[in-house]
Amino acid sequence: MFRFSREQKIFNIAGVKVGGQPGELPTVMIGSIFYHKHKIVYDEKTGEFDRQKAEELLVKEREISERTGNPRIVDVCCGWPQAFEKFIDFIAKTIDGPFSIDGVTAEVRIAGAKYVGETGLSDRVVYNSITPEAKEEEILAIRDAKIKSAILLTVNTKNPTLSGRLQVIDKLIDIAKRAGVENMLVDTCVLDIPDPGPVSKAIYYVKERYGLPAGAGIHNAVDMWKKRRKLDPTKYMLASTVANITSIVSGANFLLYGPIENAEVTYFTCALADAYMAYSVRQEYGAKPLTTNHPIFKVFR
């Protein structure tokens, strides 16, 4: 196993700690709800949804999180500005802890930012996400809402390589600072089917060079693959597991693992990887987890 030479930042976002050296803290799991074509959503434009089923999904994920020791941030997806208020109100009242506002467009994200600012929810929110092309209107919306936590997306369409991802980080950090963001989570950005390799290596470099928490929505690579060829459910989950674990052994602190329905399998496999990492680090460096709620104390029982 390895240790990063640079001091690693740990951020506390509404009670969830993210960051640190390998083996210190469990991977933070970020699962999506109200995503495009989510069956529990009746009308994506107006924000009408099945509240009972949504609550059942959230309760089940919370129970899984408690069982494995992996904290969660609920990713609240939205495609229309007018729907965000209903989604945010429901999540804020139904769960404790942090949630991210994940808008499909800048217009939607800005609407979400303004609303959490008006309702005093900014301390619980992770803005998802700031891109290198963020316009002034979006930057000002984040700042005015006093949102202190955000995901920085290292998308670089002109150079979609490992080095290309790293090239935009300084710009992203500058934008985030201008927006008043203090807790910066770097998403090393899946763009293509074979990307889990470069994305995971980029996670390593982000942590080594900047000391910031890093992770990715690495399942997206498998979803792209699934759309091009038929993958049965078992192969799909196995492929997602391999992609997720590749990032964890590279030092990932958080994972956007996709639909919240995938929590049962994803939490278990990632918790197991966390436990292996922590055990290895303890043997090699004598370093113990920073929490007694770490998966190493739970998954082998």
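Of the residues screened, Y236 is one that is more than 25 Å from N12 (Cα to Cα) and not in a loop (DSSP other than H, G, I, E, B). Filtered by the rule that a residue be at negative phi and within 17 Å of the chain's Cα centre (by Cα), region 179-194 gives V181, E182, N183, M184, L185, V186, D187, T188, V190, L191.
For region 207-218, filtering for residues that are surrounded by fewer than 24 Cβ atoms within 10 Å (Cβ to Cβ) and part of a helix (DSSP H, G or I) leaves 3. Residue count for region 1-44 under the criterion of being touching a residue at least 60 places away in the same chain (Cβ under 8 Å), among the hydroxyl-bearing types (S, T, Y) and in contact with a strand residue (DSSP E or B) (Cβ under 8 Å, 6 or more places away or on another chain): the result is 3. With the requirement that a residue be hydroxyl-bearing (S, T, Y) and touching a residue at least 60 places away in the same chain (Cβ under 8 Å), what does region 222-267 give you? The answer is Y257, T266, Y267.
Tell me which helices (runs of 4 or more DSSP H) are completely within region 123-179 and hold 2 or more residues being modelled with pLDDT of 95 or more and in contact with a strand residue (DSSP E or B) (Cβ under 7 Å, 6 or more places away or on another chain), or say none if there are none.
Working: elements: 136-145, 162-167, 169-178.
Output list reads 169-178.
It is to be established whether one or more residues within region 140-152 are touching a residue at least 60 places away in the same chain (Cβ under 8 Å), among the small types (G, A, S) and within 27 Å of D195 (Cβ to Cβ). Yes, region 140-152 contains a residue that is touching a residue at least 60 places away in the same chain (Cβ under 8 Å), among the small types (G, A, S) and within 27 Å of D195 (Cβ to Cβ). Exactly one residue among T269, T246, T292, T241 is more than 22 Å from G197 (Cβ to Cβ) and among the hydroxyl-bearing types (S, T, Y), and that residue is T292. Taking the criterion of being loosely packed, with under 15 Cβ neighbours inside 10 Å and of a type in the set (K, R), the residues of region 130-177 that qualify are K135, K146, K158, K177.
I'd like the residue in region 183-197 that is closer than 16 Å to I151 by Cα, in contact with a Lys or Arg (Cβ under 9 Å, 6 or more places away or on another chain) and among the β-branched types (V, I, T) and, out of all such residues, is surrounded by the fewest Cβ atoms within 10 Å (Cβ to Cβ).
If we filter region 183-197 for residues that are closer than 16 Å to I151 by Cα, which is where we start, we get 183-190.
Then drop every residue that is not in contact with a Lys or Arg (Cβ under 9 Å, 6 or more places away or on another chain), which leaves 183-184, 186, 188-189.
Narrowing the set further to residues that are among the β-branched types (V, I, T) leaves 186, 188.
On the way: V186: 27, T188: 30.
Ranking the candidates gives V186 first.
Restricting attention to region 102-137, the residues that are among the charged types (D, E, K, R) and touching a residue at least 40 places away in the same chain (Cβ under 8 Å) add up to 3. For region 267-301, a residue qualifies if it is among the charged types (D, E, K, R), surrounded by fewer than 24 Cβ atoms within 10 Å (Cβ to Cβ) and in a helix (DSSP H, G or I), and the qualifying residues are R282, E284.
Given (1) crowded, with 18+ Cβ neighbours inside 10 Å; (2) within 24 Å of P98 (Cβ to Cβ); (3) at pLDDT 95 or above, where does S200 come up short, assuming only one miss? All conditions pass for S200, except number (2). Within region 249-266, not a single residue is of a type in the set (G, A, S), closer than 29 Å to R6 by Cβ, modelled with pLDDT of 95 or more and assigned to a helix (DSSP H, G or I).
If you go through region 49-59 one residue at a time, do you hit one that is among the charged types (D, E, K, R), under 29 Å from V181 (Cβ atoms) and touching a helix residue (DSSP H, G or I) at 6+ places or on another chain (Cβ under 7 Å)? Scanning region 49-59 turns up no residue that is among the charged types (D, E, K, R), under 29 Å from V181 (Cβ atoms) and touching a helix residue (DSSP H, G or I) at 6+ places or on another chain (Cβ under 7 Å).
The values are calculated or read from the model by the stated rules, or taken from the named source; none is laboratory data. Not measured: the values here are computed from a predicted model. Glycine also receives a Cβ, built like all others from the backbone with ideal geometry; neighbour counts cover every protein chain displayed.
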